[in-house]
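Below: the structure, in structure tokens.
The values are calculated or read from the model by the stated rules, or taken from the named source; none is laboratory data. Computed from a prediction, not measured in an experiment: that's the story for all the values here. Counting neighbours? That spans all protein chains shown, and the Cβs are built from the backbone with ideal geometry, glycine included. These area figures cover heavy atoms from the full protein model, side chains too; ligands, DNA and RNA do not enter into them. Shrake-Rupley method; radii C 1.70, N 1.55, O 1.52, S 1.80 Å.
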Amino acid sequence: MREKVHTVRMINHIGVIGLGTMGANLARNAARNGATVAVFNRTGVKTETFIKEHGKEGTFLACHTAKEFCMKLPQPRALLLMVKAGEAVDDMIAELTPHLERDDILIDGGNSHYADTERRCRELAKHGIRFVGMGVSGGEKGALEGPSMMPGGDPEAVELLLPLLRTMAADDGEGGKCVAYMGPGGAGHFVKMVHNGIEYGVMQLIAEAYAILQSMGLDQAKIATTVKGWNTGDLQSYLIEITAKVLAKKDPETGKYLVELIKDEAGQKGTGRWTVEAAMRYGTSVPVMTAAVEARELSAHREHRVKRSETFPSATMETSMEPFGTDAVKSALTLATIATYGQGFELLDAASKEEGWSLSLAEIVRIWRGGCIIRSSLLGTLQEIYQEKETTQKKLKRECLKRFEGQPQLSWRITTAYAISRGIPAPALAASIAYYDTLRAASLPQNLIQAQRDFFGAHTYERTDKDGAFHTEWE
């Protein structure tokens, strides 16, 4: 590779590798916003089909080999990889690297593990290639019409890319765009990972609320109408909006509600599990996300669950939600959702401090306010908190805590207790309350655990009445 010095201050061309749903729609998005877009897929037929269907939407350059793909773009090249996370990313990087030159930019727009992104940044820097790990959220529609994008890695590369990315990103509702530099190394993919962890948690909470509404005797039409009515205040969000639509959708073949015909086995691609693992690494607690991941894992064993439903003994109570009704379920879902977002931002803050990323929580909240799957009105409140100075932050946090006073908190407890008494699995709801109660507990029973540890392992303990480490001969 020959050395070159580039004075380009913005890039208006991009190559997209991988023409699956997300890759194809991001390519179309860039072209619609005036960029020249080279497209390449290992399966050549997919490239030809893409050009046939979308070629008139902008300036596309169809490529059929990695070398051709690299050569058709001016320097510094900007190549967006939209391939499956893991080995496929490394394989594509290895295929492209011989055709790249110093200062070219590789962007991984998939859901890669942040540690892999850190490694790739280091390895490619040796060749003078700048690497960007970019989280992208918004699903199929967002990728085309405006996603939320979380680039991290090489700061100069991101600076060159930002003008183009801003044209592609969703609006944040305040005159800005839902894209910002997150930080060095794997920061961008870490932020996207936590985004997905929050997504797991909120989706599980909504599913549990749905199960509770069913147990209250509401028919499907009433449940759909109820959830649609919840799309206000702190619960106003993309996930509540689409849930109402999902619940109201009927199957054209049978006339039944479609959701009732879908198997209760939830899939996952790993980002939720990674979030839980990261929380353990950085010493934070994300119990709602943990419960959500475990709920998906348990749901996958459908055959065993059906068998056990016939053999496992039941000792449930015929309790009722009267006179509290659906409003209590709404309150429970609202407070549990707030707790879930809080857990995510605690993890972001802890990781940022340990890794030296200097993440701006205010910026993360801002770019999540449009385009992404977890966009919600609640993020507006969080943005106010995180963008203020410390003294104002404390005041705003106190205002936020008022949501947990009185009847809303009682409704949270009543709804969770109702689910448990009726044998309705509500692990995320229960975890959210346990998390809240632990945070507000002046004393915890972990003093007993510490005594037990000292008993069998001489691990010592500290006392409340004097300083020092102590060990007791318990027998």
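A simple rule links phi to the HN-Hα coupling: the Karplus curve 6.51 cos²θ - 1.76 cosθ + 1.60 with θ = phi - 60°, which for region 432-437 gives 5, 6, 4, 4, 4, 5 Hz, with x for Gly and Pro. What the Cβ-Cβ distance of residue 410 and residue 94 gives, at R0 = 41 Å and to the nearest 0.05, is a FRET efficiency of 0.10. If a spin label sat at a point 7 angstrom from the Cα of residue 156 along the line to its beta carbon, the backbone N atoms of region 114-133 nearer than 18 Å would be those of 121-133. To the nearest ten degrees, helix 407-421 and the longest principal axis of the Cα atoms of the chain are 80 degrees apart.
Using the Cα centre of region 242-381 as the reference point, and only Cβ charges (+1 on K/R, -1 on D/E), how large is the resulting charge dipole? Debye, rounded to the nearest 20.
400 debye
Distance from the alpha carbon centroid of region 339-376 to that of region 377-436 works out to 17 angstrom.
Averaging the sequence gap over all C-alpha pairs within less than 8 Å and six or more residues apart, then dividing by the number of residues, gives region 234-382 a relative contact order of 33 percent. Under 20 Å of direct C-alpha separation, and excluding same-chain neighbours fewer than eight residues apart, residue 126 reaches these lysines: 4. Between residue 361 and residue 297, the simple label model (points 7 Å from Cα in the Cβ direction) yields a spacing of 2.8 nm. For the chain, the longest principal axis of the C-alpha atoms and the axis of helix 187-215 are separated by about 40°.
Pairs with C-alpha atoms separated by more than 32 Å, drawn from the list 84/330; 56/269; 250/402; 46/269; 222/397; 192/394, are 84/330; 56/269; 250/402; 222/397.
In the chain, the DSSP beta bridges split such that about 35 percent are antiparallel, to the nearest 5. Reported to the nearest whole Å, the Cα centre-to-centre distance from region 44-88 to region 104-128 is 19.
The HN-Hα couplings worked out from phi for region 336-350 by the Karplus form 6.51 cos²θ - 1.76 cosθ + 1.60 (θ = phi - 60°) are 5, 5, 4, 4, 5, 4, x, 4, x, 6, 5, 5, 4, 5, 5 Hz, whole numbers, x standing for Gly and Pro. Couplings for region 382-391, taken from phi via the Karplus curve 6.51 cos²θ - 1.76 cosθ + 1.60 with θ = phi - 60°, read 5, 5, 4, 5, 6, 8, 8, 6, 3, 5 Hz in order; Gly and Pro are left as x. Percent of C-alpha pairs per 5 Å bin in region 289-370, short distances first: 3, 10, 10, 13, 14, 16, 12, 7, 7, 6, 1. Residue ranges 180-186, 141-147, 267-273 sort as 180-186, 141-147, 267-273 when ordered by packing (mean number of other C-beta atoms within 10 Å per residue, highest first). Just the protein heavy atoms count here, and of the accessible area of the chain at 1.4 Å, carbon and sulfur take up 52 percent. Counting 0.36 nm for each residue step from residue 225 to residue 87 and taking away their Cα separation leaves a gain of 45.2 nm. Directionally averaged projected area (the chain, Cα convex hull): 29.3 nm². Of the peptides 337-346, 190-199, the order by per-residue mean of other Cβ atoms within 10 Å, starting with the highest, comes out as 190-199, 337-346.
Amide H to amide H distances under 5 Å link residue 257 with 251, where only residues 5 or more positions off or on other chains count and H is placed in the peptide plane.
In the context of the full protein assembly, residue 360 retains an accessible surface of approximately 50 Å², using a probe radius of 1.4 Å and ignoring ligands and nucleic acids. Axis angle, to the nearest 10 degrees, between helix 155-168 and the longest C-alpha principal axis of the chain: 80 degrees. Database remark: amide H of residue 78 closer than 5 angstrom to the amide H of 15, 105 (H placed geometrically; neighbours at sequence offset of 5 or more, or on other chains; Pro and chain starts carry no H).
With the simple model of a label 7 Å out from the Cα in the direction of the Cβ, residue 346 to residue 421 spans 2.9 nm. Here the label points at residue 241 and residue 395, each 7 Å from Cα along the C-beta direction, are separated by 3.2 nm in the simple model. Provide the convex hull volume over Cα atoms per residue for region 39-179, in Å³. So the per-residue hull volume is 117 Å³.
If packing is taken as the mean number of other Cβ atoms within 10 Å per residue, what is the order of 280-287, 200-207, 117-124, highest first?
In decreasing order of mean packing, 280-287, 200-207, 117-124 become 200-207, 117-124, 280-287.
Mark the label point 7 Å from the Cα of residue 250 along Cα→Cβ and return the residues of region 199-236 whose backbone N is within less than 12 Å of it. The answer is 221, whose backbone nitrogens lie closer than 12 Å to the label point.
Determine the order of 52, 222 by accessible area, beginning with the largest, at a probe radius of 1.4 Å.
The ranking, largest first, comes out as 52, 222.
Set the Förster distance to 56 Å, then compute FRET efficiency between residue 232 and residue 472 from the Cβ-Cβ distance, nearest 0.05.
So, using R0 = 56 Å, E works out to roughly 0.50.
Each of 263, 402 has its accessible area taken with a 1.4 Å probe; listed largest first, they run 263, 402. Relative contact order of region 215-255, please, whole-number percent, based on alpha carbon pairs below 8 angstrom and at least 6 residues apart. The normalised contact order for region 215-255 reaches 43 percent.
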